[in-house]
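Presented below is the structure to which this report refers.
Bear in mind these aren't lab numbers, they're just calculated from the coordinates by the rules spelled out. Treat the numbers as computed from the prediction; the structure is a model and nothing was measured. Using ideal geometry, Cβ is built from the backbone for each residue, glycine included, and neighbour counts are taken over all protein chains shown.
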Amino acid sequence: MQRPLLTLDDVRPLGKDYRLDTVKERLHQNTGGRYDMELLADCARSWNNKDEFRKERARILRYLFGNQWGDYVTYRGLRMTEEEYIKLKHNTPLKNNVMVSLWMSVVGLHAKQETEPVCYARAEDSKNLSDMMSSALQTNWQNTYMPDILDVVFAEYLISGAAFARESYEEREELHDSYTDYVNPYYMFWEAGSDPAHRDLRMIGYLHDISPAELYFRFAKPKYGLTIKDLNDIFHIGHQGEAGINENYQEQNQQHAYENVSFYTASDAGLCRVIEVWREEVKPRWQCHDPLAVTQADAYFRVDTKDLKHIREKNVQRKRLYDQQGVPVEKQAYITAEHIVDKYWHYCFLSPEGRILCEGETPYDHKSHPFSMTLFPYINGEVHPFMGFFIDQQRFINSLVMMNHMAVKSAVKGLKFLPLSLKPDDMTIEEYANQSSEYDAVYVYDDRKAKRTGAKPEFFTHSAFNIGTNEMLQTQLNMIHEVSGVSGALQGKTPTSGTSFARYSLEAENATTTIYPLIKRYNSFKERLALKKCITMQQFYEEGRDITPKSSDHQTFYRAQSARNVQFRTSIKESASSAAYIQRINEFLDRLFERGAIDTRMYIKNYDAPGADKLLVEYDNYMQQMQQGQMPGAPVQVPGANQQAAQQAAQALMSEGQMFTRQQPNARLTPYKQTA
């Protein structure tokens, strides 16, 4: 008889309802639910799994900032660095750091872009909502110095292949706002699959090192059930007999070196280690549908089992109203509920001993964790940093420099041949040899001797033998620039004689082809970060908040009720304050004015150049006098001013068909005679 095929439901052990709730089941195993040792062990295991990632980052940092002979080798059973081995052989460990030049060039390319976020509303009247939310996001971008933070994250992105940022809404410098913080990858841990978009992320966390004062401020609250005394006991703050241990540990952790980073201990003895972890959990819930809701967010929602009684109360109220108004049964609409197992993000802050400081479901409207991350290139679940590709070539360049130095060092230089027949009788051989080293040495010898051979002192110097190290070094330097895509045009180097501007511009544009995927992926990271910031601002911004960007001419206020339930998408565009953007806008205004599409006042008002605002005021005064039938007076005589230039400006204002332009970006406006 054939055995029946069992399904997963047939072999799964049955139990109480709490076994569907992963958090409740895990805490059920701990007394009182004050400790979560299982979660702490999962965090430690995840952090240990990223050890190779941290090693690779530490090695790239060493090579990037000069310690390029720090790899370990074994010589006669002794483990030492390459620098120590070279010194043991009485050589000098020379290097030519090419990697830092490549790194700074790509970082500078990103910094020159000067981008800012833009929001697009997915609702009616989307233009006004989009402009308002774009103003709010750009104002936050400027107030929280986001360009500087993103430049640091991008520099880290090139070194480690990972970009991390953490979003939080809190008070800083007496201002509540959505703030973005740079996150050191050394202290990050996460669990995910091989999805390059990281949609299969299951757990993510960060190791905080905070001062005792910050610890009290964040966790000594009645809602967490913790006091300052409790925190002192949990983190062993102020206990006697630990001062010596802390002092010794602090000496070993003056910097965030790889060897000194630990999961359980803070990097500084005066700080406290707090483990923040966000994990995707499941629990039983009810999927509800309200057919009378106006918006989709109100029509579909989920509630816990304990809140199901409120749904029943609403349905009872509706039935009472339907019966009073005589509504037919087939037209009566009620809230329906279906039992499901829901996935959600759960946060927990732990001490190194597993003590829960606070926990709960994600408080953000985006229903996710506060981290934004990207790994590139992320192939087969592995990270391969951009700067890591050039370590082997950097090592070969250093080897060629060493070989060339050793060849020059071992070449014959200043070898002296002193005939013994010329040695005076009253000198020893040592005195005779030492005399030749003096800069004013004089050799006196008797050429009347019978044994005169006609010999005289000779000096022999030979250049280093050319083994091709110079040609090989130049080949490697050219190759590393070709592989990285960082050419001379991208670095802004002066072109060779005879190179046309068009060709040089084309070379600079084509030079970004190699690094375009790198920058494109980072721009996608910035868009996701901006979207998470936008949703956080929608959740916490109050009505009537001033959201006027620095570059705006009119004041803008936030309308919380209008934007509360509207979905937005974000995009990263070139900033309006960048020189390239200003130049394109000014050129566009020039073409419109030449074709007569705009008048003189509109042209001057929107033209971005030094002195444009003052010129607009003078133009308005001039037009006002002309409308009143008055002839504008003579230019004001200002001592020290160029009166001839003032006369020409006055004549230009009185002439017809006059337009104002400039020859170079950010130059002053100059009169330009419009041709027929």
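Say R0 is 60 Å: what FRET efficiency, to the nearest 0.05, do Tyr264 and Glu594 get from their beta-carbon distance?
Step by step, r from the Cβ atoms, then E = 0.30.
Tell me, what is the percent relative contact order of the range 301-362, built from C-alpha pairs under 8 Å that lie six or more residues apart?
20 percent
Quick one: dipole size for the range 280-371, taken about the Cα centre, charges +1 on Lys/Arg Cβ and -1 on Asp/Glu Cβ, in debye to the nearest 20.
400 debye
What Kirkwood hydrodynamic radius do you get for the range 355-412 when you take the inverse of the mean 1/r over all pairs of distinct Cα atoms, in Å?
17.0 Å
Treating the Cα atoms of the range 40-187 as identical point scatterers in vacuum, please give the log10 of the normalised Debye intensity I(q)/I(0) at q = 0.10 Å⁻¹, two decimals.
-0.60
Would you mind checking the range 78-96 for residues with the amide N under 17 Å from a putative spin-label position 7 Å along Cα→C-beta of Arg62?
78-88, 93-96
So for the pair Glu382, Asp620, with labels modelled 7 Å out along Cα→Cβ, what separation do we get in nm?
The two pseudo-label positions are separated by 6.6 nm.
Could the peptides 272-280, 87-95, 476-484 be put in order, highest first, of the mean number of other beta-carbon atoms found within 10 Å of their residues?
Order by mean packing, descending: 272-280, 476-484, 87-95.
Answer with one residue from Asn380, Ser351, Ala337: the one whose Cα lies farthest towards the positive end of the charge dipole of the range 334-408, charges on Cβ with Lys, Arg +1 and Asp, Glu -1.
Checked the options; the winner is Asn380.
Students often check this: by mean Cβ neighbours within 10 Å, which of 377-388, 328-339, 146-157 ranks highest, and how do the rest follow?
Sorting 377-388, 328-339, 146-157 by mean packing, highest first, produces 146-157, 377-388, 328-339.
Just need the relative contact order of the range 314-438 here, percent rounded to a whole number, with Cα pairs under 8 Å and 6+ apart.
Details: 51 pairs, mean separation 12.2, N = 125.
Computed value for the range 314-438: 10 percent relative contact order.
Set Lys and Arg Cβ to +1 and Asp and Glu Cβ to -1, take the dipole of the range 81-144 about its Cα centre, and tell me which of His90, Tyr120, Met132 lies farthest positive.
Toward the positive end, the furthest listed residue is His90.
Tell me, rounded to the nearest percent, the portion of alpha carbon pairs in the range 25-110 spaced more than 22 Å apart.
Here the tail beyond 22 Å accounts for 57 percent of pairs.
Based on the Cβ-Cβ distance of Glu542 and Ile210, what FRET efficiency does E = 1/(1 + (r/R0)^6) give at R0 = 30 Å, to the nearest 0.05?
Values: r = 28 Å, r/R0 = 0.95.
So the FRET efficiency works out to roughly 0.60.
Could you order the peptides 218-231, 161-174 from most to least packed, using the average number of other C-beta atoms within 10 Å per residue?
161-174, 218-231
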